[in-house]
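Down below is the structure, laid out as structure tokens.
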Amino acid sequence: MNQTRILTLVGSLRAASINRGLAEAAVQTAPEGVEITIYKGLADIPFYNEDLDVPGSVPAAAQALRDAVAASDGLLLVTPEYNGSIPAVLKNAIDWASRPYGAGAIKDRPVAVVSGSISPNAAKWAHGDVVKALGVAGARVVETAHLHFAAFGERFAQSHPREDAEALTQLGATVHELVQATGELVSA
Ligand SMILES: Cc1cc2nc3c(=O)[nH]c(=O)nc-3n(C[C@H](O)[C@H](O)[C@H](O)COP(=O)(O)O)c2cc1C
């Protein structure tokens, strides 16, 4: 059986990011035959600029992201909320992966979106904006995989999300739905 490859993009760059903690917990939920990796190079990618997006001379960091997205079977996006919307680093990644227009690496790729914030709203505005951008970019948003973590500052103040049984169960369900969606794509 082929390995299913899930690539995770995290919308926070800070070292102690709880969203990255959630992504790390998700890695742990990967069933046999599924490999989940967290993309490390988002901070190195320049802001999207059509003048830089020239065939043959795309910035290496942006090309590396496109290649990683293209090599994946599905994406897991884990996002905080900045001022009521998507953190710029994640929007930038979506923009690079969406081009060339109509043929970007993200096109038709199943994507699950997880959001988390310190507020009771669980970064749902950011989640909605990520889903909207993904849809416009041509990705296949897996709505059954949506997941939100509210007030996670208190919840994970003393422990990593991977130590939280409920979080692992919820993330495992999200990963399951995403993997199911990749299977549907292959058999479609
Ligand atoms: C620039 C900035 C804007 C923020 N705006 C929001 C917001 O609109 N809604 C919210 O719930 N939290 C907001 N926060 C707080 C984040 O929820 C909190 O910093 C969270 O821990 C970020 O996720 P991380 O731990 O993965 O870095 C903001 C934080 C920053 C740094």
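What follows is calculated from the coordinates using simple rules that are stated; it is not laboratory data. Remember, predicted model here, so these are calculated numbers, not experimental data. Here Cβ is always computed from backbone atoms with ideal geometry, including for glycine, and neighbour counts include all displayed protein chains.
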Take every DSSP beta bridge with both residues inside the chain and express the antiparallel ones as a percent of the total, to the nearest 5.
-> 5
Distance (nanometres) between label positions extended 7 Å along Cα→Cβ at S159 and S57 | 5.4
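Can you tell me the length gained on complete extension of the stretch A70 to T37, counting 0.36 nm per residue apart and subtracting the Cα distance? The partial results should precede the final answer.
Values: separation 33, 0.36 × 33 = 11.88 nm, distance 1.38 nm.
Taking A70 through T37 to full extension adds about 10.5 nm, to one decimal.
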Filtered pair list for the chain (Lys only, Cα < 20 Å, 8 or more apart or interchain) has a length of 6
Can you give the charge dipole size of the chain about its Cα centre, rounded to the nearest 20 debye, using +1 on the beta carbon of Lys and Arg and -1 on the beta carbon of Asp and Glu?
-> 180
Report, in deg cm²/dmol and to the nearest 500, the calculated mean residue ellipticity at 222 nm for the chain, where each DSSP H run with n ≥ 4 adds -39500 (n - 2.57) and the sum is divided by the residue count.
-> -12500 deg cm²/dmol
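Based on Cα coordinates alone, diagonalise the gyration tensor for the chain, multiply each eigenvalue by 5, take square roots, and list the semi-axes in whole Å, largest first. Intermediate values should be presented prior to the final figure.
Numbers: eigenvalues 125, 78, 42 Å².
Computed over the chain, the values are 25, 20, 14 Å.
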